[in-house]
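The values are calculated or read from the model by the stated rules, or taken from the named source; none is laboratory data. Computed from a prediction, not measured in an experiment: that's the story for all the values here. Virtual Cβ from ideal backbone geometry, glycine too; neighbours counted across all protein chains shown. Remember, those area values only see protein heavy atoms, side chains included, never the ligands or the DNA or RNA. Shrake-Rupley method; radii C 1.70, N 1.55, O 1.52, S 1.80 Å.
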Amino acid sequence: MPNARERFISVDVETSGPIPGEFSLLTLGACDADRDELTFACSLQPLNQNADPEALAATGLSLSELAKNGTAPATAMNDFAQWLQSLRAEGDKLVFVGLNAPFDWSFVNYYFHRFTRDNPFGFSALDIKAYYMGATGCAWGDTRSSLMSKRLEPRRAPNHDALEDALYQAELFRLIRSLREISE
């Protein structure tokens, strides 16, 4: 698709631990990176009871509450795929955008393939940390979100709510793109 329009989707997840399959995707938030009003969010039933206590403490999520009130993973991923499809115009290429995208993408990719058999994002993701490093020439150690925020001055702040964090990431992404536009 050489003439495909790229549609950037900011995605954030909260999980019960460090790797998909053994640990669960608990909440997922996403937004169109250029249109904050276009959002998706859901809480998922855990796959199992495996949990890193620090991961749960950071989010305040409860596996037992999610088991009762969360959405079944297959339903959640089908709903997410339908939402993504509703954003896609003919010929658009969806681009997964994340802050530490390898982590978030690994869970989203695993869940899409396990529960829908297809990942609408394909096999790659755009990492905001790497994008920031390339745009600014900073060292990898300077790509922490707190340091990016200090320089870029976004209005939003991260708080371990998947949708709020996706919106924050989208703002960082737009601010980095504006840095690139200024330098060109």
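Things worth noting here:
- Meets criteria (open to solvent by less than 20 Å² (accessible area, probe 1.4 Å) and either touching a Cys at 6+ places or on another chain (Cβ under 7 Å) or within 30 Å of Tyr132 (Cβ to Cβ) (or both)) for Asp32: yes
- Here region 92-102 is the region considered, the condition is being touching a strand residue (DSSP E or B) at 6+ places or on another chain (Cβ under 7 Å) and within 20 Å of Asp34 (Cβ to Cβ), and the residue that is most open to solvent (accessible area, probe 1.4 Å) is Lys93.
- Residue in region 143-153 that is closer than 13 Å to Val11 by Cα and at pLDDT 95 or above present: no
- Filter pass, Gly21 being exposed (fewer than 13 other Cβ atoms within 10 Å of the Cβ) and at positive phi: no
- Failed condition for Ala41, given (1) open to solvent by less than 30 Å² (accessible area, probe 1.4 Å); (2) at pLDDT 95 or above: (1)
- If the condition is being surrounded by 19 or more Cβ atoms within 10 Å (Cβ to Cβ) and closer than 20 Å to Ala166 by Cβ, then region 44-68 contributes Leu44, Leu61.
- In the set Ala135, Ala76, only one residue is assigned to a helix (DSSP H, G or I), in contact with a Leu (Cβ under 6 Å, 6 or more places away or on another chain), small (Gly, Ala, Ser) and more than 21 Å from Leu28 (Cβ to Cβ); that residue is Ala135.
- Residue tally, condition touching a helix residue (DSSP H, G or I) at 6+ places or on another chain (Cβ under 6 Å) and open to solvent by 60 Å² or more (accessible area, probe 1.4 Å), over region 103-130: 0
- Any hit, region 117-126, residues being under 25 Å from Ser178 (Cβ atoms), under 18 Å from the mean Cα position of the chain (by Cα) and modelled with pLDDT under 95: yes
- Residue in region 111-126 that is assigned to a helix (DSSP H, G or I) and among the aliphatic types (A, V, I, L, M) present: no
- Condition check for Gly141: exposed (fewer than 12 other Cβ atoms within 10 Å of the Cβ) and touching a Lys or Arg at 6+ places or on another chain (Cβ under 7 Å): no
- Matching residues, region 69-82, being open to solvent by 40 Å² or more (accessible area, probe 1.4 Å) and either within 17 Å of the chain's Cα centre (by Cα) or under 15 Å from Arg7 (Cα atoms) (or both): Asn78, Asp79, Gln82
- Long-range neighbours under 6 Å by Cβ, at least six apart or interchain, first residue closer than 15 Å to Thr27 by Cα within region 96-108, second in a helix (DSSP H, G or I): Gly98/Asp104
- Unmet requirement for Glu153, which otherwise passes all of (1) within 23 Å of Leu38 (Cα to Cα); (2) open to solvent by 50 Å² or more (accessible area, probe 1.4 Å); (3) touching a residue at least 40 places away in the same chain (Cβ under 8 Å): (3)
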